[in-house]
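A short write-up of the structure that comes next.
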Amino acid sequence: MKITYLILLLLGSFFFIDSNAQSSIITVDSKRNTDRSVSFSFQKKKFGTYFLSVWFTRLNNANSSGYNGEIVGAAGQLFTLKPSTDNQDISYSYKYWYIRGKLKPNFDPDFLYFLPTGLNKEASVYNMTNLSERYFGSARPKSWAAYQFIVSEGDTAFAARKGEVVEIVSDNDYHTDVEVSYQSTINTILIEHADGTFARYEGINKSGILVKEGQYVYPGTPLGTVAKYDKREQGQLRFSLFYLDFVDPGKEPSKTMKDKVNYYAFINPVFLTTDGIQKLENGKSYEADIDNELLTKELTKREKKKFLKSEKVD
């Protein structure tokens with residue numbers, strides 16, 4: 001019997017939060033100072049860049065447009081309110097909203113990537129369907145592109161580019177006793193690049209993760225082993241590149257999948273293969289190639305010296 005499990009591509013979570021609410025990722029706090037000013041700061045429990053918006057629902061004896069911008073690091077100062085009248089306190093209430101990513105980053109659409117399937121292995125690639133669009137009638141994400149590489153169980157997934165591992169999901173098992181079209185949960189490694197784009201690697205074995213959150217990886221760094229996806233004797237490595245293209249602070253989350261907002265846009269990347277530099281075509285097979293330029297173009301001098309001696313992408 002063939003069973004279909006739907007996997008919804010939730011590429012980022014956003015939150016609409018009252019000032020007194022608690023968040024599992026980011027909190028914004030305020031502190032009254034002795035000079036009657038009020039300082040606002042944030043704490044962030046996840047790695048990587050987030051877009052944060054803070055606005056006031058009530059503000060007396062001060063003027064402020066709040067905060068809209070990117071935050072990095074585990075904690076930091078945002079802004080300070082100064083009293084309009086020196087001998088009076090500021091009264092206020094506020095809300096905040098956040099989402100992973102740097103808004104509309106400046107990136108090179110022709111940036112050259114390493115195939116995540118590694119050297120000396122030919123893999124077939126297929127274009128993936130956006131399931132929210134197909135099954136729930138939601139709008140197609142901007143420039144939608146995502147790829148499924150058919151590999152063997154236990155093959156290694158490699159980093160396509162230098163970046164920071166900002167999130168790992170590694171607690172999911174796969175339904176290997178039946179043949180399925182999609183799994184509802186899947187292990188994932190998310191990597192943020194220096195230009196604000198993200199690479200998402202899905203289908204990793206829960207016991208085969210080779211990196212940790214906060215670690216920097218390079219083109220060809222082993223990320224993890226690919227799991228057996230279902231009853232068929234194969235693994236499926238799923239790969240996509242995307243960036244934060246839109247924000248809508250203050251808007252309540254959609255209650256239906258059809259009205260789901262697409263905050264992210266996708267990138268159709270260029271890869272170096274044994275047949276040259278090219279974009280991937282549906283249903284074709286490719287084998288990765290690599291050279292020193294691809295390996296080192298984003299590396300510092302110190303990283304180049306260390307990396308070229310130690311990295312292997314067999």
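The values are calculated or read from the model by the stated rules, or taken from the named source; none is laboratory data. Here the structure is a predicted model, which is why all the values come from computation and not from measurement. No Cβ is skipped: glycine too gets one built from the backbone with ideal geometry, and neighbour counts run over all protein chains shown.
For region 82-132, what are the residues that are part of a strand (DSSP E or B) and either without any contact (Cβ under 8 Å) to a residue 24 or more places away in the chain or β-branched (V, I, T) (or both)?
Filtering region 82-132 for residues part of a strand (DSSP E or B) gives 91-100, 112-114, 119, 122-127.
Residues satisfying the conditions are I99, V125.
I'm trying to understand the selection: among the residues of region 31-45, which are among the charged types (D, E, K, R) and surrounded by 14 or more Cβ atoms within 10 Å (Cβ to Cβ)?
Within region 31-45, R36, K44 qualify.
If I ask for residues that are in a loop (DSSP other than H, G, I, E, B), surrounded by fewer than 17 Cβ atoms within 10 Å (Cβ to Cβ) and among the aliphatic types (A, V, I, L, M), which ones from region 50-76 would you list?
V72, A74, listed by residue number.
For residues that are without any contact (Cβ under 8 Å) to a residue 60 or more places away in the chain and either β-branched (V, I, T) or touching an Asp or Glu at 6+ places or on another chain (Cβ under 7 Å) (or both), scanning just region 51-60, find the one that is nearest to D89 (Cα to Cα). It would help to see each step written out before you state the result.
In the first step, residues of region 51-60 are kept if they are without any contact (Cβ under 8 Å) to a residue 60 or more places away in the chain; the result is 52, 54, 56-60.
Going one step further and asking which of them are either β-branched (V, I, T) or touching an Asp or Glu at 6+ places or on another chain (Cβ under 7 Å) (or both), we end up with 54, 57.
Values: V54: 20, T57: 17 Å.
Across region 51-60, the extreme among qualifying residues is T57.
Looking at (1) in a loop (DSSP other than H, G, I, E, B); (2) modelled with pLDDT of 95 or more, find the lone condition where F242 falls short.
If we test F242 against (1) in a loop (DSSP other than H, G, I, E, B); (2) modelled with pLDDT of 95 or more, just (1) comes out false.
Can you spot a residue in region 286-303 that is touching a helix residue (DSSP H, G or I) at 6+ places or on another chain (Cβ under 7 Å), at pLDDT below 95 and assigned to a loop (DSSP other than H, G, I, E, B)?
Yes, region 286-303 contains at least one residue that is touching a helix residue (DSSP H, G or I) at 6+ places or on another chain (Cβ under 7 Å), at pLDDT below 95 and assigned to a loop (DSSP other than H, G, I, E, B).
Name the residue that is surrounded by the fewest Cβ atoms within 10 Å (Cβ to Cβ), counting only residues in region 225-239 that are at pLDDT 85 or above and not hydrophobic (A, V, I, L, M, F, W, C).
Our first condition is that a residue be at pLDDT 85 or above; within region 225-239, this holds for 225-226, 236-239.
From what's left, not hydrophobic (A, V, I, L, M, F, W, C): 225, 236, 238.
Working: T225: 19, Q236: 22, R238: 23.
Per the stated criteria, the residue is T225.
So which of V72, V38 is in contact with a Ser or Thr (Cβ under 7 Å, 6 or more places away or on another chain), under 30 Å from L237 (Cβ atoms) and not assigned by TED's automatic domain parsing to the domain that holds Y264? Before the answer, list the steps.
Details: V38 fails: under 30 Å from L237 (Cβ atoms).
None of the others qualify; the one that does is V72.
Looking only at residues in region 36-50 that are touching a residue at least 40 places away in the same chain (Cβ under 8 Å) and not basic (K, R), which one is nearest to Y98 (Cα to Cα)?
Of the residues in region 36-50, the ones touching a residue at least 40 places away in the same chain (Cβ under 8 Å) are 36-40, 46-50.
Checking which are not basic (K, R) leaves us with 37-40, 47-50.
On the way: S37: 25, V38: 21, S39: 19, F40: 15, F47: 14, G48: 13, T49: 10, Y50: 7 Å.
Per the criteria, the residue is Y50.
Report, by residue number, each residue of region 135-193 that is surrounded by 19 or more Cβ atoms within 10 Å (Cβ to Cβ), modelled with pLDDT under 75 and closer than 24 Å to L210 by Cα.
Y174, Q183
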